[in-house]
Each structure stands twice: as structure tokens, then as C-alpha cells.
Amino acid sequence: MKHVRTTLLAAAGSAAALLLSACGGESGTAAPAVPAAPSSAAPAETSAAESSAASPAGDATKPGTELKVGDRAVVPFKYGTTKSGTIAITVTAIDKGANADLAKYGDKAKGITPYYLRASIENVDGADLSYASVSLRALGTDGRSTGVIITGSTDQCKSGTAPKEFAAPGAKFETCTLQGAREGSEVAAATFDKGDGYDKAPIVWKN
């Protein structure tokens, strides 16, 4: 079995790319393999109190907390090498798309179903986090990575960046993270796994 990592560029004028971690047999047919990623581990168990619907402003949500879509999590956040603060993430939807949405990625997107992880991002402590971006990861029904990594945006899911004014308590912006799963598989949850213990025990939002 040989391992292949393929990077695709979309149609001219687009910076989007589709990255597939795949393994193929002698026929050359590729199927995504589960990558070694922090989200491959099952989320840590949490108490009912830790899985409450929302975290008070400034009270950081514990690593491993399991929430429902629509719940708010407060997390310490670093962007680049100089910016840090506290943000709140509310996953507002996990939407299933259609393979046709990935037409610009060409044949390499065959057999892949896109999913759109939509979120609202709030500045909690007023730190200057202008132009920051926040991304989420998808988990399958087994609590593990889907094995398909897509970077970029589609017309149905455009990644948002914090505006210049994202430097005051209560400032918000909307974003969408494009993810994917093989046909026949489903995305069941979204996770945040960046730093401060979340890399080992992500926050998980389920429908």
C-alpha cells in the first residue's frame, strides 16, 4: 500500500485547495485515510455541569467539554505571535452540502460530501484581535476525524475574518469552516482544538 498526499488548486483565480490524505491499492483508486490528528481521540468525558449550554463571559470552557450546536464556549485565543485574548465561539449549524458544491476541485473531489461548520465569534475581553480567523474541525459518527481535509471556501461556505473593529468586548463576526466526508459517512460534530489543553481534549459541539 502506498501513501499519497495530493494538493489541488481550484479554477484559475481561486486560492482554494483540496488536500486529501489517501491510500490506494494497485488500481490507483484513492480513498481518504484517517490522519494522525488530535481530534482522532474520543473527547474526554465531562460532567453535566461542564456540558452546560453556555459559559459566562470570561469563564473559560474546560477542555473536553461537550456542547450542543447553538451553545457558547469561551476560550483563550492566540493569533499569530503577538495577538492574544479571550473569545467566545458559538457553533450555529453543521450543514450538509452536495458533492456538486465541490465542482471546482475537479475529479479529486469525487465521492466526497462537503459539510459546513458555521460559527459566530465574539470578542470577550476587548483584546485587539482584528483580522484574526478561527477554524473548526469535523468529527464523524465514531467521534474520529473523517479522514478528509479540505481547505478553502465555496459559494456555500465562506471563511470569515475578524474586522478591524474586532477589538472591543461584544464585537462579533460570522465564519464557516469547509470540511468533508466520504459518501456513506457523516459529520456528527464540530470541534475546537487550538492550544491550552484543547489540543488534547477538544471542545465538541453535537447536533
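Taken together, the values in this text are just the output of simple stated rules run on the coordinates, not laboratory data. Just so we're clear, the structure is a prediction, and the values are computed from it rather than from any experiment. Note: ideal-geometry Cβ built from the backbone for every residue, glycine included; neighbour counts use all protein chains shown.
Among the chymotrypsin sites (Phe, Trp or Tyr not before Pro) found in region 114-148, those both in a DSSP coil and sparsely packed, with 16 or fewer other Cβ atoms within 10 Å of their Cβ, are TYR131. Once both labels are positioned 7 Å from their Cα atoms along Cα-to-Cβ, the gap between ASP199 and ALA93 label points is 3.3 nm.
What list do you get for THR146, THR151, THR82 if you sort them by fewest beta carbons within 10 Å? Could you put the intermediate results ahead of the total?
Details: THR146 27, THR151 16, THR82 7.
Lowest count first: THR82, THR151, THR146.
Ordered from longest to shortest, the equivalent ellipsoid semi-axes for region 109-195 are 28, 14, 9 Å, each the square root of 5 times a Cα gyration tensor eigenvalue.
Segment THR141..ALA168, full-extension length gain: 6.0 nm, with 0.36 nm per residue of separation and the alpha-carbon distance subtracted. All distinct Cα pairs of region 48-207 go into the 1/r average, and the inverse of that average, the Kirkwood radius, is 16.0 Å. Extension gain, ASP155 to LYS68, is 28.7 nm, computed as 0.36 nm per intervening residue step minus the present C-alpha separation. The label-point distance for ALA103 and SER120, in a model that sets each label 7 Å from Cα toward Cβ, rounds to 3.3 nm. Taking a threshold of 23 Å on the Cα-Cα distance, which of the pairs LYS108/LYS206; LYS68/LYS172; LYS158/LYS206; LYS62/LYS194 fall above it? Result: LYS108/LYS206 exceed 23 Å. Listed by chain and number, the aspartates and glutamates whose alpha-carbon sits under 17 Å from that of LYS164, ignoring those within fewer than 8 places in the same chain, are GLU122, ASP125, ASP128, GLU174. One chain, two ends: THR82 and GLU186. Fully extended at 0.36 nm per residue, the span grows by 33.7 nm beyond their Cα-Cα distance.
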